[in-house]
Amino acid sequence: MTVDEMRAIIGAGPDVPDAEVIVRYGALEAPKADRGLPIEEVRGQVRLERTDSSEDSYLSLLIPAAIRAVRNEVGRPIDLSSDDPDNDVFRVAVLLLIGHWFDTRAPVAVGSQSYELPFTVSFLLNPVPRKWVC
């Protein structure tokens, strides 16, 4: 999709910079992607019983946050319910982030061994082609 097509969809005039159009369009597309990851699959990732809904409110916050993080990393909207060939990679990255954030609810873990999960996600997403719009 071109920036001009995005501009028409969001109703932005020619005075709006291309980068801003892309960000606004991505925000518009984000809710569609949120529907592509079933809560039962997320429960399995964080090792909850698939019928255990005790953490659903927290998981429901993490799902769109992880999808947005992956979308920002690859620089294009993602829809996990589409037939995009990169969806398997996106799904793994989203689930890894959710699992990490679920297990590590504080910004700093004192007294534990540190590791860098975001690097894992970046490594996973690095080969995914980005759609650059000039």
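The values are calculated or read from the model by the stated rules, or taken from the named source; none is laboratory data. Fair warning: this is a prediction, and the values are worked out from it, not measured in the lab. For neighbour counting, all protein chains shown are included, and Cβ atoms are generated from backbone atoms with ideal geometry for every residue, glycine included. Just the protein is used for accessible areas: all its heavy atoms, side chains included, with ligands, DNA and RNA removed. Shrake-Rupley method; radii C 1.70, N 1.55, O 1.52, S 1.80 Å.
Among the residues of the range 48-68, those identified as in contact (Cβ under 8 Å) with a residue 24 or more places away in the chain and open to solvent by 40 Å² or more (accessible area, probe 1.4 Å) are Glu55, Tyr58, Pro64, Ala65, Arg68. Screening Gly75 on (1) of a type outside the set (Asp, Glu); (2) open to solvent by less than 50 Å² (accessible area, probe 1.4 Å); (3) modelled with pLDDT of 85 or more; (4) on the phi > 0 side of the Ramachandran plot shows it passes everything except condition (3). Any residue that is more than 13 Å from the chain's Cα centre (by Cα), modelled with pLDDT under 85 and part of a loop (DSSP other than H, G, I, E, B) - is there at least one of those in the range 20-32? No: the range 20-32 contains no residue that is more than 13 Å from the chain's Cα centre (by Cα), modelled with pLDDT under 85 and part of a loop (DSSP other than H, G, I, E, B).
Listed by first and then second residue, the pairs linking a residue in the range 74-98 that is within 12 Å of Pro64 (Cα to Cα) to a residue that is part of a loop (DSSP other than H, G, I, E, B) and of a type in the set (Phe, Trp, Tyr), with Cβ atoms under 6 Å apart and 6 or more places separating them unless they lie on different chains, form an empty list.
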